[in-house]
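Worksheet: one structure, shown below.
The values are calculated or read from the model by the stated rules, or taken from the named source; none is laboratory data. Fair warning: this is a prediction, and the values are worked out from it, not measured in the lab. FYI the Cβ positions are ideal-geometry reconstructions off the backbone, even for glycines, and counts take in every protein chain you see.
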Amino acid sequence: MYHDVHIENGVHTTLNLCQEHALEAGINLGQIELSIILNVDTPVSETQQVITCQDCGMTIAQYKETSLLGCPTCYETFSEQLKHVIANVQDNRTQHVGRAPATASTDVNRHLIVRRLLRELEHAVTQEQYEEAAVLRDELRKIHEGGSIHEN
Amino acid sequence: MKIDPVANCPFNNENPPCGDVVLSSRARLARNLEGFPFVHRSTTPDCKEVTSLVHQICEGDDTRVTLEWVDLDELDTLTTEVCVERHLVSSALANATHPRAIAIGPELSRSVMVNEEDHIRIQSIRPGVQLEEVLQDVQALDLRIEEVIAYAFDEQLGFLTACPTNVGTGARFSVMLHLPGLRIIKDLQRVQNACEGMSLAIRGYQGEGSKVTADLFQVSNQVTLGYTQEQLCSILANDFLPRVIEWERRARITLHQTQTSKLEDQTFRSLGLLQNARLLSLKEAMQSLGNIRLGICMGIIEDIGIETINQLFIEIHPSHIKWKYGTDLEDEQISTFRSELIREKLRK
């Protein structure tokens, strides 16, 4: 897209042209995409489809901007893309060795589980998966009533 | 919160191990809470929730992990900046606007930053070569936090962090080195090569992106995955440090044998400058202190202790000057008070 605002004697003229028309108008847009001149549709490959993290809404493009992931689930969501990134920054090491965290106290786990269930409930409602939503609601109710927690 | 820079200098104690070459050792662990977005994607309520969960670590009576909780929003700007200059708080955390906190140990060498790039950054700094000790410090805090917090963890990738460069152990070990000898004999490349061979990063005094000042260098592990915390600590402590310390000491001996006059001249010029100047920039003061430090280590100056110089490296930074002499100082006044402080400390 070519966008230009021209001001002469206090008069604003705005020009918006797509790449093709900008070329026709003789405006230099820098590097030229041959597919535009040749009118070839570039097929959208699978990898170009936008993958979004279901937990935080992060996309891989956003990750590339900041080099920071959005949440722990992003590691799973973008595992394919991150495989190379991690191998690159971690000297080709890809497997954790050493200690794993101990299980935290029930109170905090309870807090985190409620949070996760609420997120899943919201997702299920958005997707109109009402049966799933009902199960999640019952689970939440059980926790609020002081029932046991079965973490998967 | 009370900070006493005289009593609590991260670079100082009585004769720190290998203190002639190594100013300090530091360990840092990055951790995140399961079920929360990472800090840069968190909402204000998320950040508040994380701080309130982590706050629990300050409760209880375990003396190994005694920490004082400080909400950074409630801490005045100057004290926050003093903490940054003492490496207790990162600039990123100090300058952020979201809810965040630090939990600090009474000796001001251990701290837990809350809602930095990761939800939790545990760190410990000690003078000289004390990498195993700082590892134990952070491990004790890590275990304490684990009792109340569920960490984001993956069997394959280990502790999950906002940036993949920290994933795995989340552990970063670093040492602050004083390498004037190797700089003068133009042999710093050797250190650079050793770092490359061991996947270590070498940086300036302030860490990432900072310039080298006073011949002070920070060296840390680049890789955090595929090694245990102990192994990462050992690469720096047992594979890298003994060699570099040896190289620097040998370089100093060579200098002493071949360039005595030049070295004495450099030392006394720097001392003369610092004992007489009335306006001192941070850069000039740091470089001169570095030269004097070398002179002390080589026996050229005998009536000034190395700990005085180590302490000044921190105390001459702008916020420390403001903290001591007055909060509303202009740049030139800071330079004046800096020179006054140094003259006072280096008085014969």
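Kindly indicate whether B:Leu135 is within 14 Å of chain A (Cβ to nearest Cβ) and closer than 17 Å to B:Val114 by Cα.
No; evaluated as a whole, the condition is false for this residue.
The set of residues in the stretch B:231-244 being under 20 Å from the mean Cα position of the chain (by Cα) and within 12 Å of chain A (Cβ to nearest Cβ) consists of B:Leu232, B:Cys233, B:Ile235. Only residues that are within 7 Å of chain A (Cβ to nearest Cβ) and under 15 Å from B:Ala162 (Cα atoms) were counted in the stretch B:37-56, giving 4.
Inspect the stretch B:174-185 for any residue being within 14 Å of chain A (Cβ to nearest Cβ) and within 27 Å of A:Leu82 (Cβ to Cβ) and give the result as yes or no.
Just the residues of the stretch B:174-185 that are within 14 Å of chain A (Cβ to nearest Cβ), to begin with: none.
There is no residue in the stretch B:174-185 that is within 14 Å of chain A (Cβ to nearest Cβ) and within 27 Å of A:Leu82 (Cβ to Cβ).
When the residues of the stretch B:143-160 are narrowed to those that are farther than 10 Å from A:Ala102 by Cβ and outside any loop (DSSP other than H, G, I, E, B), which ends up farthest from the other protein chains (Cβ to nearest Cβ)? Looking at the filtered set, the residue picked out is B:Arg144. For B:Ile104, the conditions (1) farther than 18 Å from B:Tyr151 by Cβ; (2) buried (at least 20 other Cβ atoms within 10 Å of the Cβ); (3) within 14 Å of the chain's Cα centre (by Cα) all hold with the exception of (3). Just to be sure before I move on: is B:Ser281 among the small types (Gly, Ala, Ser) and over 26 Å from B:Cys195 (Cβ atoms) in the structure I sent? Here the answer is yes, as B:Ser281 does meet what is asked. Number of residues in the stretch B:113-139 that are farther than 27 Å from B:Asp73 by Cα and small (Gly, Ala, Ser) equals 1. I need the full set of residues from the stretch B:151-210 which are polar (S, T, N, Q) and buried (at least 22 other Cβ atoms within 10 Å of the Cβ), in order please. Passing the criteria: B:Thr161, B:Asn166, B:Thr169, B:Ser174.
Take A:Cys56 and tell me if it is closer than 19 Å to B:Gln156 by Cα and either more than 7 Å from chain B (Cβ to nearest Cβ) or under 8 Å from the mean Cα position of the chain (by Cα) (or both). It is false that A:Cys56 is closer than 19 Å to B:Gln156 by Cα and either more than 7 Å from chain B (Cβ to nearest Cβ) or under 8 Å from the mean Cα position of the chain (by Cα) (or both).
May I ask you to list the residues in the stretch B:324-335 that are surrounded by fewer than 18 Cβ atoms within 10 Å (Cβ to Cβ) and in a helix (DSSP H, G or I)?
As a first pass, look at the stretch B:324-335 and keep what is surrounded by fewer than 18 Cβ atoms within 10 Å (Cβ to Cβ): B:324-333.
Result: B:Lys324, B:Tyr325, B:Asp331, B:Glu332, B:Gln333.
For the stretch B:73-104, the set of residues classified as within 27 Å of B:Gln136 (Cβ to Cβ) and among the hydrophobic types (A, V, I, L, M, F, W, C) consists of B:Val82, B:Cys83, B:Val84, B:Leu88, B:Val89, B:Ala92, B:Leu93, B:Ala101, B:Ile102, B:Ala103, B:Ile104, listed by residue number. What do you reckon, is B:Leu225 within 14 Å of chain A (Cβ to nearest Cβ), at pLDDT 95 or above and part of a loop (DSSP other than H, G, I, E, B)? Answer is yes for this residue.
The set of residues in the stretch B:232-277 being without any contact (Cβ under 8 Å) to a residue 60 or more places away in the chain, under 14 Å from B:Val21 (Cβ atoms) and crowded, with 20+ Cβ neighbours inside 10 Å consists of B:Phe240 alone.
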